[in-house]
Structures are given as structure tokens and as C-alpha cells.
1. Residue 53 is checked against (1) in contact with a helix residue (DSSP H, G or I) (Cβ under 6 Å, 6 or more places away or on another chain); (2) at pLDDT below 95; (3) farther than 23 Å from residue 149 by Cβ and fails just one. What number does that condition carry?
2. For residue 109, only one of the following conditions fails: (1) within 23 Å of the chain's Cα centre (by Cα); (2) assigned to a helix (DSSP H, G or I); (3) surrounded by fewer than 24 Cβ atoms within 10 Å (Cβ to Cβ). What is its number?
3. Every residue in segment 170-206 that is closer than 21 Å to residue 92 by Cβ and in contact (Cβ under 8 Å) with a residue 60 or more places away in the chain, please.
4. Can you name the helices (runs of 4 or more DSSP H) wholly within segment 172-258 that have at least 1 residues being at pLDDT below 90 and within 18 Å of residue 43 (Cα to Cα)?
5. Search segment 45-72 for residues that are at positive phi and pair each with any residue that is part of a loop (DSSP other than H, G, I, E, B) and surrounded by fewer than 23 Cβ atoms within 10 Å (Cβ to Cβ) when their beta-carbon atoms are under 9 Å apart and the residues are at least 6 apart or on different chains.
6. Residue check: is residue 142 within 30 Å of residue 3 (Cβ to Cβ), part of a helix (DSSP H, G or I) and under 18 Å from the mean Cα position of the chain (by Cα)?
């Protein structure tokens, strides 16, 4: 095995992962810096709160691709030349892209929390893509109807995929099992550590809820984001198009009576 190929995989995947699509889309569609509104986090959940469902899904998809695609390419290239080492190359590329997303060199190492990238890592994997999609659908339904905390949904998805992949890789006795499992659980630890403020707010009952149904159903809205007293806590006030119309009609009626 030519181990020199791994530094190349690490560097390329990290640089690709450092591209921040939340920053790109929030500026392209609204001329706003996503790191200056809401929770200030350049990720899918903050895009959902401050920019709406459509831009949040677009961010999720692109963040998933920027992690999963380099990993998948690394898998096929390495597996072609060094049979049996593709799985290790896949997860080396994946964690490198996730680290790039969380600590991007292009943005002074201030990035997101890596959940969408982790979704891409498992979804692009030839062994786990169907399980990842099932887990995603289950988590989506849970957030839609039961659990309104985005951080909790993220934990459920990541833990379920980490446990599933650990179990199956162990049963299959894949080559390089130990380093692969170390990488998977390092991703879990990284994700939880980057959510430490969310975890603290969950225990104190101050974590922000997200009404996903209203985000999907709302056709047109303006979102005003104000920072709460506690750093990192945001209050999102949404005003629907109907409310704006009613307000304008009331103003017109008042001016007529004058």
C-alpha cells in the first residue's frame, strides 16, 4: 500500500470541505452574512431559521456533496489500485472534509458543526447509503411532528449511523477496521463538542425550537432575527405576507378616515 496517497486525500478533501455554502447562498440570495444573523453558525439549521426551507435544503445538499463526493472518489481510486483499502480512504477523506467545514481555512477557521457533511459521508457510502436515507427520513418526520430541537435530531442521526456502521463493519471484519472505527467515533465526538452550547441550553430549557411545518408551508415571509440576552441564543420573529397585507390595509383605512 502506497501510504503517500493519504496526505493528498487529506489536503484535497479539507480544502473542498472548507467551502461554506451557507455563506455563499445567504449572500447570493439576500446579500446577508449568515454569520451575523441568528445563531451566527454557517450551517443548515441557521439557514432554516433565518433564510427559509428552500435555502436550507440547498445548503444541506451542497454540504453533503462536498463531503461525500471527495470521499467516494477517494474510495474508487484507492480501491482500484490497492484492493481492500478503499473503505479507509473513504473515511479519511470524509473526516478531512468535515474538519474543513468546521474549521475552514478560507474563513479564519470559523465554520459550521459538520452535521450536513456527516450526512453526506454516510449517504455517499456504497455500503450505508440506503440506511442513511432511511435514518434521514425518520429524523425528518421526527422533527416535523415530534421533536422541535434541531440539535437533538442531529444527535439522533449521527449516533444511529455511527452505531450501525460500527456494528456492520465489525460483522464484516473489513480491512483496517480499527482506524475506520476510530475515525467514525472521532466524528461523533467532534459533532457533540461543537454542539456544547446547544447541549447546555437543552439542560437549562433554553434551547431554541424550530417549527419545521411552518417553515415548509410558509410561502413568503420576512425573517427578523434578534439576539437574545444570552450569547448564541436568538429570537426569530416571522411576519407572513398576509400579516403585512392586513397591516397595509389598516394603514390605508386609517388615512382615509383622517
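The values are calculated or read from the model by the stated rules, or taken from the named source; none is laboratory data. A quick note: this is a predicted structure, and the numbers were derived from the prediction, not measured. In this analysis, Cβ positions are derived from the backbone assuming ideal geometry, glycine residues included, and neighbour counts consider all displayed protein chains.
1. (3)
2. All conditions are met except number (2).
3. 174, 175, 176, 179, 180, 183, 184, 186, 187, 190, 191, 194
4. Passing ranges, in order: 212-217.
5. Partner pairs satisfying both residue conditions: 52/218.
6. Answer is no for this residue.
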